[in-house]
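A.B. asks: Sharing a structure with you now.
Laboratory data are not the source of any read-out in this text; all were calculated from the coordinates shown. On a predicted model such as this, the values are computed, not experimentally measured, just so you know. Here the Cβ positions follow ideal geometry from the backbone for every residue, glycine too, while neighbour counts run over all protein chains shown.
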Amino acid sequence: MARRPLRALWEAASEEDRTKAHQRCTVMLEYWLGRISKAQAAEKLQIPQIRVHQLSQQALSGMGVALLKQPRTRVAMPASAERSAARPESATAEDYRAGAGGESVA
């Protein structure tokens, strides 16, 4: 659950909870766009009007968090890949000190 906590939360929810969340989202968008009033939203969701305000604030906070720049996960490279990326196999330490960088010094 550490990699994608929101997705894990969604997948762990029951189908009934997902349907209810989707309905709340749809009603909240209608309310935000001014298509319905707070009273109509409360009626559609069968909740008090103060709860509509609370859900609106909660949804806005959740959207803000979801829109933050997501951290990139770093993939660990195998030790052999790290060594080959540092210098080519054919190059020796003497070549690098001499300034040849892997080409023969002859």
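A.B. asks: Using the number of other C-beta atoms within 10 angstrom as an exposure proxy, rank 6, 68, 55 with the fewest first.
C.D. replies: So the ranking, lowest neighbour count to highest, is 68, 6, 55.
A.B. asks: How far apart, in nanometres, would the label points at residue 29 and residue 50 be if each is projected 7 angstrom from Cα along the Cα-to-Cβ direction?
C.D. replies: Going by the 7 Å Cα→Cβ label model, 3.0 nm.
A.B. asks: Next question. About its Cα centre, what dipole magnitude does the range 5-66 give when the only charges are +1 on Lys and Arg Cβ and -1 on Asp and Glu Cβ, stated in debye to the nearest 20?
C.D. replies: For the range 5-66, the charge dipole is close to 200 debye.
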